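Structure first, then comments.
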Amino acid sequence: MSLNNPLWCSTPSAHYPLYQAPLSVLPEILPPASHYAVVVDSTVWALHQPRITLALSTLPHYVHVVPAGEHSKNFQTLEKLLTDMLKNGLTRKGCSLAIGGGMVGDLAGFAASMALRGVPFVQVPTTLLAQVDSSVGGKTAINCGAGKNMVGAFYQPAAVLMDSAFLQTLPTPERRAGYAEILKYALLGDADFYNWLEINGKAVLELEETAVRHAIKTSCQHKIRIVGEDEKEQGIRALLNLGHTFGHGIEAESNYQVLHGEAVALGCLMAIKASVLTGICAQDVLERVQKHQESLGFSTTLSTLLGRTPNVQDIMAHMLMDKKGAGNFILIKNLGTAVQQALPDSMVLQVLEEFI
Ligand SMILES: NC(=O)c1ccc[n+]([C@@H]2O[C@H](COP(=O)([O-])OP(=O)(O)OC[C@H]3O[C@@H](n4cnc5c(N)ncnc54)[C@H](O)[C@@H]3O)[C@@H](O)[C@H]2O)c1
Ligand SMILES: [Zn+2]
């Protein structure tokens with residue numbers, strides 16, 4: 001994934017490189033443009049402004065700072081952002097640049113898909129979650145009254161630049177949330193990677209350079225493989241939702257106070273428990289993954305994650321409303337092998353009760 005040897009994501013609609021390189025190479029990897037509309041969130045801007053400003057210093061650009069936090073993924077912020085971009089120099093010959101976590105990537109990517117009926121955009125993901133997941137694959141979206149990510153577009157970036165230096169300022173819970181998506185790739189498609197994570201997971205969370213680079217690269221290889229086969233989620237891409245149907249129920253039950261990745265991690269344990277109950281997976285797989293998560297400080301019960309006794313009926317109700325749920329679950333047959341399967345409500349409830 002170096003500057004000279006990037007990974008490539010190839011889909012029916014696009015073919016783009018993914019680099020692991022310092023932000024200073026930005027001018028070398030950006031598509032040529034007359035103007036760059038740069039979108040960052042307020043936290044990333046406060047922490048990394050000098051480095052970002054230096055990397056952009058030779059480029060014609062305007063920086064748009066949006067308030068940090070999931071609440072910025074809405075129609076109001078989107079409208080304001082689009083208006084600001086167009087009033088401050090973005091034309092058809094321009095390019096949009098998202099520097100931030102998944103929130104900024106989703107918001108700026110969706111804005112790029114709409115501005116002037118679509119301008120190229122580049123992702124510079126700054127969270128672990130964004131470097132292993134959201135910046136790759138072309139899903140862009142905002143939230144609305146009907147639910148999270150319900151309004152959006154498939155719109156692939158022109159390039160992705162991952163600079164691990166950004167991760168140094170990332171709080172531990174956010175690192176853990178990104179790690180959950182890394183673990184997800186291992187569970188659904190790569191037993192060797194899972195074995196590697198059991199040994200190196202702590203080093204990844206502590207941002208040991210070689211370990212974190214390997215984890216990001218391997219995760220991106222899995223995402224690229226799956227998105228390359230199924231860009232619009234008509235089939236195999238659904239496997240990436242491992243742990244997400246349960247996870248979304250937990251997130252909603254917490255009123256979105258629990259981080260997405262931390263909910264997904266517990267959701268993966270629940271999906272494995274469901275796999276055990278349906279008879280397709282051995283109990284010792286569940287015990288092994290649970291032990292791994294506990295060793296890294298994940299909450300492996302609903303009570304510890306939510307900080308109170310959960311109402312499992314409410315979690316069920318949230319799950320039934322989930323667009324990704326609709327009775328379909330991603331289960332695992334073994335470490336590294338996932339399948340899609342419907343589950344009866346009674347079993348879903350039983351699983352939730354096991355994790356109270
Ligand atoms: N498009 C996709 O395929 C996809 C996939 C997964 C998640 N998502 C979306 O991504 C979002 C979650 O991503 P996220 O966890 O990156 O959220 P985020 O962008 O909200 O970032 C999390 C927090 O970390 C801060 N932050 C970002 N970079 C930082 C840094 N380098 N140092 C310190 N703090 C930093 C942010 O300001 C924010 O407070 C959700 O909106 C989710 O829906 C999209
Ligand atoms: Zn996720």
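Quickly run through segment 240-297 and pick out the residues that are in contact with a Cys (Cβ under 6 Å, 6 or more places away or on another chain) and over 24 Å from Gly137 (Cβ atoms).
Ser275
Can you confirm whether Gly137 is within 12 Å of ligand 1 (Cβ to nearest atom), more than 21 Å from Leu259 (Cα to Cα) and in a strand (DSSP E or B)? It would help to see each step written out before you state the result.
Working: within 12 Å of ligand 1 (Cβ to nearest atom): yes; more than 21 Å from Leu259 (Cα to Cα): yes; in a strand (DSSP E or B): no.
Considered against the rule, which asks whether it is within 12 Å of ligand 1 (Cβ to nearest atom), more than 21 Å from Leu259 (Cα to Cα) and in a strand (DSSP E or B), Gly137 comes out as no.
Whether any residue in segment 78-95 is within 16 Å of ligand 2 (Cβ to nearest atom) and either under 22 Å from Leu242 (Cα atoms) or in contact with a Leu (Cβ under 8 Å, 6 or more places away or on another chain) (or both) is what I want to check.
Filtering segment 78-95 for residues within 16 Å of ligand 2 (Cβ to nearest atom) gives none.
So far as segment 78-95 goes, no, none of its residues is within 16 Å of ligand 2 (Cβ to nearest atom) and either under 22 Å from Leu242 (Cα atoms) or in contact with a Leu (Cβ under 8 Å, 6 or more places away or on another chain) (or both).
Would you mind finding the one in Thr210, Thr218 that is of a type in the set (Val, Ile, Thr), away from ligand 2 (no atom under 16 Å from the Cβ), without any contact (Cβ under 8 Å) to a residue 12 or more places away in the chain and assigned to a helix (DSSP H, G or I)?
Values: Thr218 fails: without any contact (Cβ under 8 Å) to a residue 12 or more places away in the chain.
Of Thr210, Thr218, the one residue that is of a type in the set (Val, Ile, Thr), away from ligand 2 (no atom under 16 Å from the Cβ), without any contact (Cβ under 8 Å) to a residue 12 or more places away in the chain and assigned to a helix (DSSP H, G or I) is Thr210.
Quick check on segment 54-84: of everything there that is more than 29 Å from Leu259 (Cβ to Cβ) and among the hydrophobic types (A, V, I, L, M, F, W, C), which residue is surrounded by the most Cβ atoms within 10 Å (Cβ to Cβ)?
Leu56
Starting from segment 27-56, take each residue that is closer than 22 Å to Val119 by Cβ and list its partners that are of a type in the set (Lys, Arg) and more than 16 Å from ligand 1 (Cβ to nearest atom), counting only C-beta distances under 7 angstrom and pairs at least six apart or across chains.
Ala33/Lys93; Ser34/Lys93
So, Gly109, is that one in a loop (DSSP other than H, G, I, E, B), of a type outside the set (Phe, Trp, Tyr) and within 10 Å of ligand 1 (Cβ to nearest atom) or not? Give the steps one after another, and end with the answer.
Numbers: in a loop (DSSP other than H, G, I, E, B): no; of a type outside the set (Phe, Trp, Tyr): yes; within 10 Å of ligand 1 (Cβ to nearest atom): yes.
Here the answer is no, as Gly109 does not meet what is asked.
Which of the residues that make up segment 188-203 are of a type outside the set (Phe, Trp, Tyr) and away from ligand 1 (no atom under 16 Å from the Cβ)? Outline the logic, then answer.
In the first step, residues of segment 188-203 are kept if they are of a type outside the set (Phe, Trp, Tyr); the result is 188-192, 195, 197-203.
Listed by number, the residues that qualify are Gly189, Asp190, Ala191, Asp192, Asn195, Leu197, Glu198, Ile199, Asn200, Gly201, Lys202, Ala203.
Do we find a residue being modelled with pLDDT of 95 or more and under 20 Å from the mean Cα position of the chain (by Cα) anywhere in segment 313-320?
The answer is no; no qualifying residue exists.
Inside segment 225-259, can you point out the residues that are within 13 Å of the chain's Cα centre (by Cα) and surrounded by fewer than 24 Cβ atoms within 10 Å (Cβ to Cβ)?
Passing the criteria: only Leu259.
Take residues that are closer than 25 Å to Leu197 by Cβ and not aliphatic (A, V, I, L, M) and tell me which of the helices (runs of 4 or more DSSP H) falling wholly in segment 254-356 contain 3 or more. Show your work before the answer.
Working: elements: 260-277, 283-295, 302-306, 312-321, 345-354.
Because the criterion is at least 3 residues that are closer than 25 Å to Leu197 by Cβ and not aliphatic (A, V, I, L, M), the helices (runs of 4 or more DSSP H) in segment 254-356 that meet it are 260-277, 283-295.
Can you name the residue in segment 221-247 that is within 16 Å of ligand 2 (Cβ to nearest atom) and either polar (S, T, N, Q) or at positive phi (or both) and, of all such residues, is modelled with the lowest pLDDT? Explain how you work it out, then say what you get.
At the first step, the residues of segment 221-247 found to be within 16 Å of ligand 2 (Cβ to nearest atom) are 222-223, 226-227, 233, 237-247.
Filter once more, so that each one left must be either polar (S, T, N, Q) or at positive phi (or both): 233, 241, 243, 245.
On the way: Glu233: 89, Asn241: 95, Gly243: 97, Thr245: 94.
Of everything passing the filter in segment 221-247, Glu233 is modelled with the lowest pLDDT.
Restricting attention to segment 270-279, does a residue exist that is closer than 15 Å to Pro173 by Cα and in contact (Cβ under 8 Å) with a residue 60 or more places away in the chain?
The initial filter retains those residues of segment 270-279 that are closer than 15 Å to Pro173 by Cα, namely none.
No, because not a single residue in segment 270-279 is closer than 15 Å to Pro173 by Cα and in contact (Cβ under 8 Å) with a residue 60 or more places away in the chain.
State yes or no: is Ile182 within 13 Å of ligand 1 (Cβ to nearest atom), under 19 Å from Leu167 (Cβ atoms) and among the β-branched types (Val, Ile, Thr)? Spell out the reasoning first.
Numbers: within 13 Å of ligand 1 (Cβ to nearest atom): yes; under 19 Å from Leu167 (Cβ atoms): yes; among the β-branched types (Val, Ile, Thr): yes.
In short, yes.
Could you say which residue among Ala191, Ala165, Ala180 is surrounded by 20 or more Cβ atoms within 10 Å (Cβ to Cβ), touching a residue at least 60 places away in the same chain (Cβ under 8 Å) and not basic (Lys, Arg)? Spell out the reasoning first.
Details: Ala191 fails: surrounded by 20 or more Cβ atoms within 10 Å (Cβ to Cβ); Ala165 fails: surrounded by 20 or more Cβ atoms within 10 Å (Cβ to Cβ).
Result: Ala180 is the single residue among Ala191, Ala165, Ala180 that is surrounded by 20 or more Cβ atoms within 10 Å (Cβ to Cβ), touching a residue at least 60 places away in the same chain (Cβ under 8 Å) and not basic (Lys, Arg).
The values are calculated or read from the model by the stated rules, or taken from the named source; none is laboratory data. For clarity, every value in this text was computed on a predicted model and none was experimentally measured. A quick note on method: Cβ atoms are made from the backbone with ideal geometry, for glycine too, and the neighbour counts reach across all protein chains shown.
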